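Mind having a look at this structure? Questions to follow.
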Amino acid sequence: MEVFFRPRGIAVIGAAREPGKVGYMVLYNLKNSFRGPLYPVNPHAREILGLRAYPSVLDVPDPVDLAVVAVPARVVPRVVEEAGRRGVKGVIVLSAGFREVGGEGVRLEEELVEIVRRYGMRMVGPNCIGVYSPSTGVNATFFDPSRQGFPGPGPVAFLSQSGALGAAVLDWAEMRGVGVSRFVSLGNKADVDEADLLAYLVGDEETRSIAMYIEGVEDGARFRRALEEATVVKPVVALKAGRSAAGARAAASHTGSLAGSYRVYMAVFRQTGVVPADTPGEMYGFALGLALQPPMAGDRVAIITVGGGSGVMASDWLSSVGLRVPELSPGTQARLRRVLLPFASPRNPVDVTGSARDEHLVEALRIVAESGEVDAVMLIPYFNLAGISNELPAKVARVVAELRRQGVMIPIVAPVVGGRRAWEIARRLEREAGVPVYGSEAEAARALWALRVYGRWLQRRGALEDYLERYRRWVLGGGVGA
């Protein structure tokens, strides 16, 4: 799998001179991102985008170990065979017109797989939008960067059987300022599938959690084994589509997948520790929370809020997902009263009131987290209030770092109350403090539910303490929020 993310040299077979064509855009993206040798392959061109073009992949010089293929389906087997003869180790086939269309497409895909296996290559696709690895400069996709967002490096890997959905999630992540470690559009999964990538990503130091959009898998037993091996090391979030008869038919015509029983998938997810998501936004939100924060070891949540109404709504949403908002002990309430305004409420929710300043929020966070009476904290700052400054994220970051050094391993999440200005400040909570932010109390409650689902799974496997120790080393070694 390493060749798809850290190639020594890349050939673009089917590189085009006309802007807007797939072969042009993938070469354009790679030229602007990849730092190694890049070779356009087109028998009708001498130069494309200022790069010397070659008539065949057989003619390109060393080093080249990855080929991106953007030619008509009928030509793909021939050029992939040439890549095999050239010694290329990995191919990404963007071209469509294979199993998903039936008939001759099925035969072409079978021929393609036979060639790949004969030469010992690995293949992503066909019928995909490619691979994106921002930290290594691999943008082997064909989307126009003036219309498509490409996030920078981050802790979440994303595997998608749908190219368009994958592109939308990348666009959303870039808008949010959230990075990705690896993105792979799997397409028809004629060779490389989720199980292969799960095995790779478990050992990938840049990946802290894995998100997947799935329509169907071919080898259920192999997929299950891969999940069991992955989830004790890194959290996995899955959005399974095709839950209805109509959705299953759509999946079959989309990537040629058999969607299978939705109930069976949900049972497998429960048995292997996968956190299920219902929407693309929820999938990425869960994965981000699981990447940045430790899992929940229990079901007790403290709410620290500037607005009483938000505290009430957060309590309702947490209760709806099976989490508790217990009243804090008299001793903890007494400590809170000593640092809060006289009219604040220290019970839980801890309402610091709209007159609060930064120090009231961060000291309440410190006291509640150190109390040992809760398993998570939902922090609800209102950045539009006069007493809450732009420096709150940095102050929260210092408290979180201190808590981690003390061995306090409880997750902290933050709903954002407000519009554009609030979000501009809140995103710094993610970057500086490692505190994931969500668009509402409901979303934050669901994120804590995901952290509890994963924590409960690790507890059942006897793996929670090992996981928390790895998380502690990551944070203290310079991870987000250190």
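Across the range 151-163, what is the number of residues that are more than 11 Å from the chain's Cα centre (by Cα) and under 22 Å from Val91 (Cβ atoms)?
Final tally of qualifying residues: 3.
Which of the residues spanning the range 70-111 are of a type in the set (A, V, I, L, M) and either over 29 Å from the mean Cα position of the chain (by Cα) or more than 18 Å from Val124 (Cβ to Cβ) (or both)?
Val71, Ala73, Val75, Val76, Val79, Val80, Ala83, Val101, Val106, Leu108
Separate question: Within the range 27-84, which residues are surrounded by fewer than 14 Cβ atoms within 10 Å (Cβ to Cβ), in a loop (DSSP other than H, G, I, E, B) and among the charged types (D, E, K, R)?
Correct list: Arg35, Arg46, Asp62.
What pairs come out if I take residues in the range 163-192 that are more than 28 Å from Asp219 (Cα to Cα) and pair them with residues that are among the polar types (S, T, N, Q) and modelled with pLDDT of 95 or more whose C-beta lies under 8 Å away, six or more apart or interchain?
So the pair list comes out as Asp171/Gln148.
Moving on to the next point. List the number of the failed condition for Ala426; all other conditions in (1) at pLDDT below 95; (2) surrounded by fewer than 18 Cβ atoms within 10 Å (Cβ to Cβ) hold.
(2)
Let me ask something additional. Working only within the range 297-315, note down all residues that are surrounded by fewer than 24 Cβ atoms within 10 Å (Cβ to Cβ) and in a loop (DSSP other than H, G, I, E, B).
Of everything in the range 297-315, those that are surrounded by fewer than 24 Cβ atoms within 10 Å (Cβ to Cβ) and in a loop (DSSP other than H, G, I, E, B) turn out to be Ala297, Gly298, Asp299, Gly307.
So which residues in the range 401-439 are assigned to a strand (DSSP E or B) and touching a residue at least 40 places away in the same chain (Cβ under 8 Å)? It would help to see each step written out before you state the result.
Taking the range 401-439 first, the residues assigned to a strand (DSSP E or B) are 412-415, 437-438.
If the condition is that a residue be assigned to a strand (DSSP E or B) and touching a residue at least 40 places away in the same chain (Cβ under 8 Å), then Ile412, Val413, Pro415, Tyr438 are the ones that fit.
What pairs can you find where one residue is in the range 10-35 and under 20 Å from Gly163 (Cα atoms), the other is among the basic types (Lys, Arg) and surrounded by fewer than 23 Cβ atoms within 10 Å (Cβ to Cβ), and their Cβ atoms are less than 9 Å apart, with a gap of 6+ or different chains?
Gly14/Lys21; Gly23/Arg17; Tyr24/Arg17
Checking Ala251 against (1) buried (at least 17 other Cβ atoms within 10 Å of the Cβ); (2) modelled with pLDDT of 95 or more, which single condition isn't satisfied?
Every condition holds for Ala251 apart from (2).
Looking at the range 388-400 only, could you name the residues that are in a helix (DSSP H, G or I) and small (Gly, Ala, Ser)?
We begin by selecting, within the range 388-400, every residue in a helix (DSSP H, G or I); these are 392-400.
Scanning the range 388-400 gives Ala394, Ala397.
Listed here are the residues, each with its yes/no results for (1) crowded, with 18+ Cβ neighbours inside 10 Å; (2) touching a residue at least 12 places away in the same chain (Cβ under 8 Å); (3) among the hydrophobic types (A, V, I, L, M, F, W, C).
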position: Met123; (1), (2), (3): yes, yes, yes
position: Phe150; (1), (2), (3): yes, yes, yes
position: Ser160; (1), (2), (3): yes, yes, no
position: Asp196; (1), (2), (3): yes, yes, no
position: Ala199; (1), (2), (3): no, yes, yes
position: Val202; (1), (2), (3): no, yes, yes
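Ok, one more. Looking only at the range 89-121, count every residue that is part of a loop (DSSP other than H, G, I, E, B), surrounded by fewer than 19 Cβ atoms within 10 Å (Cβ to Cβ) and out of contact with any Pro (no Cβ under 8 Å at 6 or more places or on another chain) and tell me the total.
Total meeting the criteria: 4.
The values are calculated or read from the model by the stated rules, or taken from the named source; none is laboratory data. Only a predicted model underlies this, so the values are computations on that prediction, with no experimental measurement involved. Cβ: placed from backbone, ideal geometry, glycine included. Neighbour counts: every protein chain shown.
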